[in-house]
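The values are calculated or read from the model by the stated rules, or taken from the named source; none is laboratory data. This structure is a prediction, so every number in the text was calculated from the model and none was measured. With ideal geometry, Cβ positions are generated from the backbone for all residues, glycine too; neighbour counts draw on all protein chains shown. Side chains included, ligands, DNA and RNA excluded: accessible areas come from the protein's heavy atoms. Shrake-Rupley method; radii C 1.70, N 1.55, O 1.52, S 1.80 Å.
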Amino acid sequence: MERLDKILSNMGYGSRKDVKKLIKEGRVLVNGELIVKNDYKIDPYNDNIVVDGIEVEYRKYIYIMLNKPKGVVSSTFDPVNRTVLDLIDQEYLIFNPFPAGRLDKDTEGLLILTNDGKLAHELLSPKKGVDKTYYVEVDGYVDEKYILKFKEGIILDDGYKTLPSKLEIIEPDYISRVKLTLKEGKFHQVKRMFKALGMEVVYLKRIRFGPLELDDRLELGQYRELTKEEIQLLKEKR
Ligand code: URA
């Protein structure tokens, strides 16, 4: 059981002081009963709470799929750049979500934002090796010959040999189009893997993260909450 004022404050109804006032003003019903005591104890998951005639849907965690555009950084604060949180509405920011992992400033695509620290940690743990798939455009002719190289591992500029990764060729050309699936996420990894082969990545977009595919209805900069099924899938991955 939790204090009514604490729950309402957690749900974004203001500071404890604001919420106390709101309760005193008789604007809150719990299970149909008017409650004016701010330390009234409730079960936030099972009691029906109504503020100003609107039912409060209590939840502790939030899970968002964002189609990250170029030009924003994957952190919660940056003194210079816009961050992915600048794209998110206040109704979600009250949960203090943060990005589970990073995409470079110039990378687009699927980024999960959540306040479920345990899940985020596990999804990013190198031990779990969650698959991440990228759509890549590369300045260079990438054909079937490269599939084995990626499978065997590529030695990066710092001497690190990457784990086996899966290269799928969409179209070899001067600018080749491929998909690459990695089980790890070293700094600038995709770009550095191609660099090690003498080629430059000119466009990069993450299209899959573990069991989740980027929802193609999301325009760049748009986001949506994960469905219950998607959250379940992510959790099963750990
Ligand atoms: N690899 C990169 O080089 N950049 C990203 O943003 C993600 C993977």
Would you calculate the separation in nanometres between label points at I155 and I94, each defined as 7 Å from the Cα along the Cα-to-beta-carbon direction?
5.6
Which residues does a label at V80 reach in the range 100-141, if reach means a backbone N under 13 Å from a point 7 Å past the Cα toward the Cβ?
105
Whole-Hz ³J(HN,Hα) from phi, Karplus 6.51 cos²θ - 1.76 cosθ + 1.60, for the range 132-139, glycine and proline x
10, 10, 10, 8, 10, 10, 10, 7
Considering amide H positions built from the backbone, and no H for Pro or chain starts, which residues 5 or more places from I154, or on another chain, come under 5 Å of its amide H?
T162
Among the lysines, which have Cα under 27 Å from the Cα of K24 when same-chain residues fewer than 8 positions away are ignored?
K6, K37, K41, K60
Relative contact order (%) - criterion: Cα under 8 Å, at least six apart; region: the chain:
19
SASA check, S15, accessible area w/ 1.4 Å probe, all protein chains in place, rounded to nearest 10 Å², comes out at 50
Determine ³J(HN,Hα), in whole Hz, for all residues of the range 160-167 in sequence, where each value follows from phi through the Karplus function 6.51 cos²θ - 1.76 cosθ + 1.60 and θ = phi - 60°; x replaces Gly and Pro.
6, 9, 6, 5, x, 10, 10, 9
What whole-number distance in Å separates the alpha-carbon centres of the range 183-238 and the range 42-99?
20
Could you tell me the calculated FRET efficiency between L148 and S125, based on Cβ-Cβ distance and R0 = 30 angstrom, to the nearest 0.05?
0.60
Per the Debye formula with a single identical scatterer at each Cα and no solvent contribution, what log10 I(q)/I(0) holds for the range 1-89 at q = 0.11, 0.14, 0.20 Å⁻¹?
-0.44, -0.61, -0.85
How long are the semi-axes of the equivalent ellipsoid of the chain, defined as square roots of 5 times the Cα gyration tensor eigenvalues? Whole Å, largest first.
45, 17, 14
If R₀ is 45 angstrom, what is the calculated FRET efficiency for the pair D106 and K37, using the beta carbon separation as r and rounding to 0.05?
0.25
At most 10 other Cβ within 10 Å, DSSP loop - GluC sites (Glu not before Pro), the range 66-147
E144
Rg(Cα) / (2.2 N^0.38 Å) computed for the range 132-209, rounded to two decimals:
0.96
Identify the chymotrypsin sites (Phe, Trp or Tyr not before Pro) of the range 57-138 meeting these criteria: DSSP loop state and at most 12 other C-beta atoms within 10 Å of the C-beta.
F77
Solvent-accessible area per residue, Å², over the range 2-56 with all protein chains present [probe radius 1.4 Å]
59
Computed over the range 132-209, protein heavy atoms only, probe 1.4 angstrom, the accessible area per residue in square angstrom equals 55
Please list 3J(HN,Hα) in residue order for the range 212-228, calculated via the Karplus relation 6.51 cos²θ - 1.76 cosθ + 1.60 where θ = phi - 60°; whole Hz, with x for glycine and proline.
9, 9, 4, 5, 6, 7, 7, 6, 4, x, 8, 8, 8, 6, 5, 7, 4
Loop only per DSSP, at most 13 neighbouring Cβ atoms within 10 Å: give me the GluC sites (Glu not before Pro) in the range 1-71, ordered by residue number.
E25, E57
Largest fluctuation, I62, I170, I88 only, Gaussian network model of the chain with Cα springs under 10 angstrom, belongs to I170
